[in-house]
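Asker: Quick one: the structure is below, questions incoming.
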Amino acid sequence: MRWVEKHRAGEITEQTDQAERLREAEAKVARLERKIGQLVMEVDLLKKRGVNTAARRDTVDRLRSAGWGVEEACSAMRLARSTYHKRPSAEHRELKTWRCATRSKPSSPTGRPMAIGG
């Protein structure tokens, strides 16, 4: 039976209809509050850990998929929007990996450290 037919038959009154809408709204609010609580805890945890930029970008992506805007998600993660949008190239990632692997300045033939990028 459609709701119109139920209403005509007296099965649905204005009060039951309002009560039904109220229950649905309360359930929706409860779901959203749980989701917000989860996201707030995640953001707090990431702020405390001092995470790197890549992890912050990933979190902004998750916040955006949860309905947040770019500006508010970046602000929550303390990440500049330009940094969020500018992803490092593969070449940049390889160079960073190489620098981390060497961790020391190259030496000259005399054994003295050489200036880099001078």
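Asker: Grab the Cα-Cα distance for Q15 and L32, subtract it from 0.36 nm times how many residues apart they are, and report the gain in nm with one decimal.
Answerer: Working it through step by step, the gained length comes to 3.6 nm.
Asker: May I ask you to sort L22, L79 by Cβ crowding, counting other Cβ atoms within 10 Å and putting the fewest first?
Answerer: L22, L79
Asker: Got a sec? How would V70, V60, V29 order by Cβ neighbour count within 10 Å, fewest to most?
Answerer: Starting with the residue having the fewest Cβ neighbours, the order is V29, V70, V60.
Asker: Just grab the label-to-label distance for E24 and K86, each label 7 Å out from Cα along the Cβ direction, in nm (one decimal).
Answerer: 4.8 nm
Asker: If I stretch the segment between N52 and E5 completely, what's the gain in nm (0.36 nm per residue apart, minus their alpha carbon distance), one decimal?
Answerer: Details: separation 47, 0.36 × 47 = 16.92 nm, distance 5.96 nm.
Contour length minus the Cα-Cα distance gives 11.0 nm.
Asker: Show which aspartates and glutamates lie in cross-link reach of K6 when reach means a straight Cα distance below 17 angstrom and same-chain residues fewer than eight apart are skipped.
Answerer: Answer for K6, where 17 Å is the Cα cut-off: E14, D17, E20, listed by chain and number.
Only the coordinates and a few stated rules stand behind these numbers; no lab work does. None of these values were measured; they are calculated from a predicted model. When we count neighbours, we look across all protein chains shown, and the Cβ atoms used for this are built from the backbone with ideal geometry, even at glycine.
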